[in-house]
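Report on one structure; see the data block that follows.
The values are calculated or read from the model by the stated rules, or taken from the named source; none is laboratory data. Everything numeric here is computed off the predicted structure, so don't read it as measured data. Using ideal geometry, Cβ is built from the backbone for each residue, glycine included, and neighbour counts are taken over all protein chains shown. Remember, those area values only see protein heavy atoms, side chains included, never the ligands or the DNA or RNA. Shrake-Rupley method; radii C 1.70, N 1.55, O 1.52, S 1.80 Å.
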Amino acid sequence: MGRQLLPVQAIDTGSGWVFDLDAAKAAAASGNAKALLLVNPHNPTGRMLRRDELEALGELAELHDLVVISDEIHADLALTGATHVPFASLSEPLAARTVTLYSASKSYNLGGLCCALAHIGPGHVERELAAPPSQLLGHISTLAVAACRAAWSPEGDAWLEDCLARLRANHSLLAGWLAAEGAARVKCYPPEGTYLAWLDFRGAGLGDSPGPWLRREAKVLMNDGPDFGPGGAGFARLNFATTGDILAEVLDRVAVALAKARTER
Ligand SMILES: Cc1ncc(COP(=O)(O)O)c(C=O)c1O
């Protein structure tokens with residue numbers, strides 16, 4: 001569509017990732033910015049932005065009259081006590097300029113059903129989306145609707161609690177591995193939400209693209225950092241939404257491959 005993307009990289013403070021508000025301000029002021037694309041909880045770092053961080057972004061959106069497209073698909077997956085703050089909940093004027101995207105596909109593992117929700121604040125966006133014949137945008141299957149209703153029922157809440165308990169256990173397993181095996185060569189700020197860990201392999205000497213190396217040497221598939229854009233070099237994204245046994249094997253394979261690479265150097 002000829003849109004120009006102005007990426008805003010997160011800042012590594014040495015103790016975690018923070019949103020770079022100054023870079024966002026510069027990007028918004030640099031030209032003809034129309035929309036702010038926000039991913040919160042953030043994929044791949046797992047950051048859950050605090051209310052004050054979101055409010056600062058809200059001010060920016062108002063200053064430059066931006067439509068905010070807020071992808072909150074991981075909202076249910078808070079792992080460490082941080083609270084998810086929906087962007088549109090900040091104020092009525094901000095809700096009126098925000099499109100919130102949400103789905104059961106992550107929390108309830110229903111990605112294959114291709115069903116998501118958009119809560120559309122701005123009237124002009126709603127009208128533009130309603131303008132083309134609806135079949136051009138595709139249709140949601142009856143099965144997908146039934147599955148979402150089941151997911152968002154009280155029984156689904158219990159399922160999600162169980163799922164979160166498993167994710168938190170895996171989060172601890174990963175933290176233990178990072179403190180022991182990974183310590184010197186693999187770093188990661190514990191994700192506050194999502195089931196994703198943004199692993200920093202820069203100390204392991206694997207180059208800019210650890211993904212292919214991990215696949216070849218450890219037989220472990222992670223998403224390669226550079227695929228996430230600027231700032232991804234030397235990183236890989238681990239998905240830990242699996243059983244504790246499988247995660248333990250994944251981490252073990254990585255540790256063995258890293259140790260082998262060290263002795264061969
Ligand atoms: C932040 C975020 N938004 C949207 C999507 C797309 O979700 P779906 O697989 O339900 O299309 C993903 C998938 O990884 C995601 O991480």
Using the basic label-point model (7 angstrom from Cα toward the beta carbon), what is the residue 175 to residue 126 distance in nanometres? 4.3 nm
Candidates 79, 113, 164; GNM for the chain (alpha-carbon contacts under 10 Å) flags as most fluctuating 113
Prolate/oblate/rounded label for region 162-252 (Cα gyration tensor, a/c 1.5): prolate
Can you give the FRET efficiency for residue 21 and residue 245, using 1/(1 + (r/R0)^6), R0 = 45 Å, r = Cβ-Cβ distance, to the nearest 0.05? 0.60
Over region 62-175, how many percent of alpha carbon pairs lie in each 10 Å bin up to the one with the longest distance? 12, 34, 34, 17, 3
Largest first and rounded to whole Å, the semi-axes √(5λ) derived from the alpha carbon gyration tensor of region 113-184 read 39, 19, 12
Top to bottom by accessible area (1.4 Å), largest first, where do 186, 8 land? 8, 186
If unit charges are put on Cβ atoms (+1 for Lys and Arg, -1 for Asp and Glu) and the dipole of the chain is taken about its Cα centre, the option from 178, 136, 114 lying farthest towards the positive end turns out to be 178
For region 4-123, shape from the Cα gyration tensor axes a ≥ b ≥ c, cut at a/c of 1.5 then a/b versus b/c, turns out oblate
State whether region 9-50 is rounded, prolate or oblate according to the following rule on the C-alpha gyration tensor (a ≥ b ≥ c being the square roots of its eigenvalues): a/c under 1.5 gives rounded; otherwise a/b larger than b/c gives prolate, and the remaining case gives oblate. oblate
Alpha carbon convex hull of the chain, volume per residue in cubic angstrom: 155 Å³
Reported to the nearest 10 Å², residue 13 has, with a 1.4 Å probe, an accessible area equal to 80 Å²
At what distance in nm do the modelled label points of residue 114 and residue 233 sit from each other, each positioned 7 Å from its Cα along Cα→Cβ? 3.8 nm
Using the heavy atoms of the protein chains alone and a 1.4 angstrom probe, what is the accessible area of region 163-233 per residue in square angstrom? 47 Å²
Compute, for residue 155, the solvent-accessible surface of its heavy atoms (probe 1.4 Å) with the complete set of protein chains present, and express it in square angstrom to the nearest 10. 130 Å²
GNM on the chain, Cα springs under 10 Å; top mean-square fluctuation among 142, 98, 242 goes to 142
